[in-house]
Ligand code: ADP
Ligand code: ASP
Ligand code: MG
């Protein structure tokens, strides 16, 4: 008998019919003797609808109030799912994040989980209940409702699995596992039977939204056995996220291609090339809680240089306004920007022991006439920033060039 946490994404609970199907699947697992904690997302489109409503009232919604609104989507699905389970004659009980409680910090709209009180859940499980916990939400130490960032139900599920020391955390979604790249962009993408934790971390952080990055971080920290599966198909093995020690076999050089369309580039032109400039530019950006991704400082000439970096597109205007202020301060000539950028990354632990991956990537893009504007690398990934209009082409040609469409690649 195992303790299993199952998370169902928005599409999987997108209608009452689908919720009934989820209930049947949960019932089958329970019938096999397992204890279950189930974490649904809001019905698909609901969180977007709620955020849009908020923006109709206030273009820049107060973050605390936004979380009050955005968190309600999951309150609906926990109730509906519990009821669907009861209709099957099972004992079920739902809890919001605050009721559990899922304690977070107070960073509204992107709160981090600090701890989870597992006492009630354990007592309910012992009494034979299926426990249904709202994803995406928590509560801070002052009792304010918080949310965990878009896609945060993944993180709720993995954090619950860690707190409960569950045997497995299963992420049920609308694809049957983690693919070599988003199968919606490249139909030839292949499902991976397993992916290393490190690779999954890179894929998630570089834009593969199949798992929220924080859920992967949690899984790594607490060694949660994590699997991605289809909620629409029966019996598939999905993709297991493995920890490297478990794996002795040789890994492919490249496991996948991740991409992100939400990039924006900012450039400070004509900055005096002197110590402290990077700090003077990026300090105020960090103080405004804006994450900076890729950074380039050009080679200086005549005592002047250019300094570019990328941020999330949502934060482009805010970052630009900050730079306009910094400009006078540091004696820069001009601020330029482009908020239609995308980032494409090839990821693979096998890269560590192979050379030539970067040159193959750059050659492939060059052959298509795609200009690379920025590059960043780590041991297991190479990322390039390009014009957004070439994104899909870039992903497709790289997928082919690295033979990710071939079995055993
Ligand atoms: P859910 O609502 O279940 O959380 P998401 O939309 O957040 O689902 O994540 C699943 C989606 O992630 C898939 O439909 C797919 O389009 C996308 N995706 C992006 N990259 C990948 C990948 N490498 N493997 C599988 N799916 C991916
Ligand atoms: N409902 C939330 C969202 O749309 C959380 C999730 O789906 O994981 O972002
Ligand atoms: Mg998701």
remark   = When residue 84 is run through (1) within 24 Å of residue 139 (Cα to Cα); (2) in contact with a strand residue (DSSP E or B) (Cβ under 9 Å, 6 or more places away or on another chain); (3) away from ligand 1 (no atom under 16 Å from the Cβ), the failure sits at (1)
inquiry  = Of everything in the stretch 299-318, what is in a strand (DSSP E or B) and surrounded by 20 or more Cβ atoms within 10 Å (Cβ to Cβ)? Give them in sequence order.
reply    = 307, 308, 309, 310, 311
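Based on what the data block shows, is residue 233 within 14 Å of ligand 1 (Cβ to nearest atom) and farther than 25 Å from residue 137 by Cβ? Talk me through it step by step, then tell me what you get.
On the way: within 14 Å of ligand 1 (Cβ to nearest atom): yes; farther than 25 Å from residue 137 by Cβ: yes.
Yes: the conditions hold for residue 233.
Please go through the stretch 1-31 and give me each residue that is outside any helix (DSSP H, G or I) and away from ligand 1 (no atom under 16 Å from the Cβ), ordered by number.
Taking the stretch 1-31 as the starting set, the residues that turn out to be outside any helix (DSSP H, G or I) are 1-10, 14-15.
Result: 1, 2, 3, 4.
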request  = Determine whether the stretch 289-298 contains at least one residue that is in a strand (DSSP E or B) and over 22 Å from residue 376 (Cβ atoms).
outcome  = no
ask   = Would the stretch 7-17 turn up any residue that is over 25 Å from the mean Cα position of the chain (by Cα), free of Cβ contacts under 8 Å to residues at least 40 places away in the same chain and surrounded by fewer than 23 Cβ atoms within 10 Å (Cβ to Cβ)?
value = yes
task = Would you check which residues across the stretch 210-223 are within 13 Å of ligand 1 (Cβ to nearest atom) and outside any helix (DSSP H, G or I) and list them?
result = 210, 211, 212
request  = Kindly indicate whether any position in the stretch 347-361 is surrounded by 13 or more Cβ atoms within 10 Å (Cβ to Cβ), more than 26 Å from the chain's Cα centre (by Cα) and assigned to a helix (DSSP H, G or I).
outcome  = yes
query = Among the residues of the stretch 26-49, which ones are within 16 Å of ligand 3 (Cβ to nearest atom) and either closer than 24 Å to residue 159 by Cβ or touching a strand residue (DSSP E or B) at 6+ places or on another chain (Cβ under 8 Å) (or both)?
reply = 38, 39, 40, 41, 42, 43, 44, 46, 47, 48
message = Between 231, 215, which is touching a strand residue (DSSP E or B) at 6+ places or on another chain (Cβ under 9 Å) and closer than 24 Å to residue 382 by Cα?
response = 215
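None of the figures in this text is laboratory data; all of them are computed from the coordinates on show. These numbers were taken from a predicted model, which means no experiment stands behind them. FYI the Cβ positions are ideal-geometry reconstructions off the backbone, even for glycines, and counts take in every protein chain you see.
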